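Notes for the one structure printed next.
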Amino acid sequence: MKKAGRGVSWGGRAAGAAVAATLAILLAATAYPAVRRGVERRRGMKYAEKVRAAVEATLSCRVTPPANSTAAVTEDLPEESARASVVTAETREPAVVTEAAVSRGIGGLLAAGRVSAPEDLPWRPGEPEPAAWESIGGCGVGGSGGAGDVRWVGRRVPGGRIEPEATISYSAGEDLETARLSFKITSQLPNRFTIGLSVPYLYSERWDSDYELLVGEHRPLRVSSLGDVSLLASRKFGMLGNTSVNLSVGLPTADYDLTQDGWHIPYDAQPGRGKMTVSLGVEQVVDKYYGPMIFGGSFNYNGGENDIGDYRSSSVSAFFFASLKTEKLVHSLGGTLTYAFEPDRNLGAEIMDQPQLLFTLQYGLEISAPKYPMFMSLGGTFSKNGLDGYSVSLGVMTAF
């Protein structure tokens, strides 16, 4: 086994290659969408000009009645009415085609199905052009699915394709305290896809009575290390993109068998899992005038058993969050219910009296600064035994 803070796991090389490939995709995604949008915008403008020309021609057209149509129309009318009803190309005033008339004409043609905009255009004539980044509710790629995870609910930063985010959190339970600094970067791709990368750094203190007997003093097991890197992906669905499917894949990049004074640090304080993990979730945003509501669920494969006998059970989660928007603030309140299928194991020994059903309640507050919004949250995790732990978090993000 490795000493705390030294060495890398067996999956380091493969994980490093995966991280490098993800970074390359992120860099390519920075340039490709701008080029594609430029091409699509030019196509859209050409199409819009064709539609506009057709509408203007329609509004400006002149109708010249046949030579015998006047007699047929006016033979039974009084003389003055007949003269007033006679319209010829020489006496009619040219029509004035205004911008409002053209817009109404385009809208009417689209509504009637007489013309249609290509599906791959970035916008349709007569509609406002959408922002490049549309993150409703702020869950976005790699949404949380397990108990204790922080869920950002707010306006976030519109108008950017690359979105960096930094979050620092502190959580404390009966015998474990953890400070976590997480860096995440996501990038929007065409066709409503988003990819991202998350890198955490952990500092943990784990209290173990058996270890204290070994060393003969009251002190914790300490861990300070990078955690497993996660690859993130999501896809939005629906007319407004309010439904999303989120995928998170954890790579075994961090140590999972650290020791201190020859004592194996318990599995829940290890920075890594030693196995690949997968979380697949679905979430729905419901827009309300007072703020969005978000609900959904996920299945979380937590790696199973690694090669030293540490085991983390798979779980399912369901969550619901509501928010209240003001001019500069977004308040949110919600909870996540998580059920683990079986108890975990540490070095092959089953964790006794471990609750399998957890409920995490979270209150969040976003300060909606234009470029650098901040998010603060306070959460508590409950089980049948009462309060199991609490957490506080602070996050900041931007977009470009």
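Derivation of every value follows stated rules applied to the coordinates shown; laboratory data play no part. Just so it is clear, the structure is predicted and the values come from calculations on it, not from any experiment. Counting neighbours? That spans all protein chains shown, and the Cβs are built from the backbone with ideal geometry, glycine included.
Put simply, the amide H of Ser368, placed in the peptide plane, has neighbours under 5 Å in Leu329, Val330, leaving out anything fewer than 5 places away on its chain.
Put simply, when 351-360, 311-320 are sorted by average Cβ atoms within 10 angstrom per residue, most first, you get 311-320, 351-360. For Thr398, Thr381, the sequence from fewest to most other C-beta atoms within 10 Å is Thr398, Thr381.
Among Ile168, Ile185, sorting on how many other beta-carbon atoms sit within 10 Å of each Cβ, with the fewest leading, yields Ile168, Ile185.
In this simple spin-label approximation, Met374 and Phe295 carry label points 7 Å from Cα along the Cα→Cβ vector, and these lie 3.3 nm apart.
A Förster radius of 51 Å, combined with the Cβ-Cβ distance separating Arg41 from Leu365, puts the computed FRET efficiency at roughly 0.85.
Projected label points at Lys328 and Tyr390, each 7 Å from Cα along the beta carbon direction, are separated by 2.7 nanometres.
Counting every other Cβ atom within 10 Å of each residue's Cβ, Leu202, Leu337 order from fewest to most as Leu337, Leu202.
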